[in-house]
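Below: one structure in structure tokens.
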Amino acid sequence: MTIKRRQFITTCGLAALATQSPPLVAHGQLSPNIILKPSRLQIGDTVGLIAPAGIIDAKDIEAAKKSISQLGLKVKLGKHILDRYGYLAGKDADRAEDVNVMFSDRSVKAIIAMRGGWGCSRILPLLNYSLIRSHPKILMGYSDITSLLLAINARSRVITFHGPVATSTWNQLTVDYLKRILFNAEAVTMQNLNPREVPVEMIAPGKARGKLVGGNLSVLAAMVGSPYLPSWNKSILFIEEIGEDVYRLDRMLTQLKTAGILNQIAGFIFGQCTNCSPGDEPSFTLMQVLQDHIIPLNIPAWYGSMIGHIKDKFTLPIGVEVEIDANFGTIRMLEVAVSSE
């Protein structure tokens, strides 16, 4: 699964770098630069479920319905949610249609991806960014959903949310952060609750402020050279990964460096690298690679935040102003991420 995703996103990234020309966008121009916050969730609201990437089964939908209904929310399914097209959950046009329709549907308050895998980058040229900006809604997911979150934040100028997908483990910690941010409209401080179980390793000390931007490292690296990335100027970059050898992580961080991204950021957070290994000997450790890339930047940075392919995870609002403290591994929201309307 991871190997297949890695192969295709690498191909996508090389193609984007080779052309350096923006693909045609199906509808409209770039939206104004004022960023919009979607409305907060309330008990009784309807959540739209979509499958913009990998294939899902009917049993996945039933499990997702149960988890979401326990939050007091209703569920509406995308028309093509059970489609299959090779390893994708339907053809590109159909998966894009489900995204566009969910944003235009006035009965839907939020949109949650069923799962990641691979496929979201393929539909980016087919999304109606003007329509999305006209109907700002909570959009949430992680892993391959990174490309949707970043593209909509960049092109529609709407806050998006790096958080659980519908098939995630909706445990107490995950749900608590989600409720506080999306239901209660709180500006929360995120910090690992049990450092012994999920330790924080400081890369460089200090505090920094900036817009929170990031997601899955493989997906992000594959988007370099495309017109679907937000501004990195004085941003706080967070990344996470799964199933990658250290040398591959080094390669992707090098890509961000040579693309001019790393030298623009004000702070750096590496969440969890689940099932990442040194690979063939000899090798560096992951921390050695992170130190090589990040310490010369002279910015606050740490490894180990509860972000990524793990059960306990934060809900991170992309595009919101935050302050980080690398000494304690905290992410403090300086503004709410949703409106009270």
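Go through the range 311-325 and count every residue that is more than 12 Å from the chain's Cα centre (by Cα) and either part of a strand (DSSP E or B) or over 24 Å from ALA204 (Cα atoms) (or both).
Here the count works out to 7.
Every residue in the range 326-341 that is at pLDDT 95 or above and either over 16 Å from PRO199 (Cβ atoms) or open to solvent by less than 10 Å² (accessible area, probe 1.4 Å) (or both), please.
Within the range 326-341, ALA326, GLY329, ILE331, ARG332, MET333, LEU334, GLU335, VAL336, ALA337, VAL338, SER339 qualify.
Six or more apart or on different chains, Cβ under 9 Å: which pairs go from a residue in the range 262-281 that's closer than 28 Å to SER235 by Cα to one that's of a type in the set (S, T, N, Q) and outside any loop (DSSP other than H, G, I, E, B)? Could you list them?
ASN275/THR2
Return the residues of the range 283-307 that are open to solvent by 20 Å² or more (accessible area, probe 1.4 Å) and within 12 Å of ASP245 (Cα to Cα); say none if nothing qualifies.
Within the range 283-307, SER283, PHE284, THR285, LEU286 qualify.
So ASN171 fits all but one of (1) at pLDDT 95 or above; (2) open to solvent by less than 60 Å² (accessible area, probe 1.4 Å); (3) more than 23 Å from HIS293 (Cβ to Cβ); what number is the exception?
Just one mismatch for ASN171, condition (1).
Could you say which residue among LEU237, LEU229 is open to solvent by 10 Å² or more (accessible area, probe 1.4 Å) and within 16 Å of the chain's Cα centre (by Cα)? Steps first, answer last, please.
On the way: LEU237 fails: open to solvent by 10 Å² or more (accessible area, probe 1.4 Å).
One residue alone meets the criteria, LEU229.
Please name all residue pairs, on different chains or six or more residues apart, with Cβ atoms under 8 Å, provided the first residue is in the range 123-134 and is surrounded by fewer than 19 Cβ atoms within 10 Å (Cβ to Cβ) and the second residue is part of a helix (DSSP H, G or I).
LEU131/ASN100; LEU131/PHE103; LEU131/SER104
Taking LYS211 as the residue in question, decide whether it is modelled with pLDDT of 95 or more, of a type outside the set (Asp, Glu), surrounded by 21 or more Cβ atoms within 10 Å (Cβ to Cβ) and closer than 28 Å to PRO300 by Cβ. Please lay out each step first, then the result.
On the way: modelled with pLDDT of 95 or more: yes; of a type outside the set (Asp, Glu): yes; surrounded by 21 or more Cβ atoms within 10 Å (Cβ to Cβ): yes; closer than 28 Å to PRO300 by Cβ: yes.
Yes; evaluated as a whole, the condition is true for this residue.
If we keep just the residues of the range 275-289 that are closer than 21 Å to GLY304 by Cβ and over 23 Å from the mean Cα position of the chain (by Cα), which is modelled with the highest pLDDT? Show your work before the answer.
Within the range 275-289, the subset closer than 21 Å to GLY304 by Cβ is 275-279, 283-289.
So of that shortlist, the ones also over 23 Å from the mean Cα position of the chain (by Cα) come out as 278-279, 283-285, 288.
Working: PRO278: 87, GLY279: 78, SER283: 85, PHE284: 93, THR285: 93, GLN288: 96.
So, considering only residues that are closer than 21 Å to GLY304 by Cβ and over 23 Å from the mean Cα position of the chain (by Cα), the one modelled with the highest pLDDT is GLN288.
Have a look at LEU217, LEU193 and point out the one that is of a type outside the set (Asp, Glu), within 24 Å of ALA53 (Cα to Cα) and either open to solvent by less than 10 Å² (accessible area, probe 1.4 Å) or over 18 Å from the mean Cα position of the chain (by Cα) (or both). Steps first, answer last, please.
Values: LEU193 fails: within 24 Å of ALA53 (Cα to Cα).
Being of a type outside the set (Asp, Glu), within 24 Å of ALA53 (Cα to Cα) and either open to solvent by less than 10 Å² (accessible area, probe 1.4 Å) or over 18 Å from the mean Cα position of the chain (by Cα) (or both) holds for just one of LEU217, LEU193, which is LEU217.
Which is among the aliphatic types (A, V, I, L, M) and under 20 Å from ALA221 (Cβ atoms), of ILE138, ILE145, ILE132? Break it down stepwise before answering.
Working: ILE138 fails: under 20 Å from ALA221 (Cβ atoms); ILE132 fails: under 20 Å from ALA221 (Cβ atoms).
Going through ILE138, ILE145, ILE132 in turn, the sole match is ILE145.
I'd like the full set of residues that are in contact with a helix residue (DSSP H, G or I) (Cβ under 9 Å, 6 or more places away or on another chain), open to solvent by less than 30 Å² (accessible area, probe 1.4 Å) and more than 16 Å from VAL158 (Cα to Cα), limited to the range 90-107.
Residues satisfying the conditions are GLY90, ARG95, ALA96.
Next up: Identify all residues within the range 230-274 that are assigned to a loop (DSSP other than H, G, I, E, B) and either in contact with a strand residue (DSSP E or B) (Cβ under 6 Å, 6 or more places away or on another chain) or within 18 Å of TRP302 (Cα to Cα) (or both); write none if there are none. Show your work before the answer.
Keep residues of the range 230-274 that are assigned to a loop (DSSP other than H, G, I, E, B), which gives 230-235, 243-244, 259-261, 265-266.
PRO230, LYS234, SER235, ILE261, ILE265, ALA266, listed by residue number.
The values are calculated or read from the model by the stated rules, or taken from the named source; none is laboratory data. A quick note: this is a predicted structure, and the numbers were derived from the prediction, not measured. Because the Cβ atoms are built from the backbone with ideal geometry, glycine has one as well, and the counts that use them run over all protein chains shown. Surface accessibility is based on the protein's heavy atoms, side chains included, excluding ligands, DNA and RNA. Shrake-Rupley method; radii C 1.70, N 1.55, O 1.52, S 1.80 Å.
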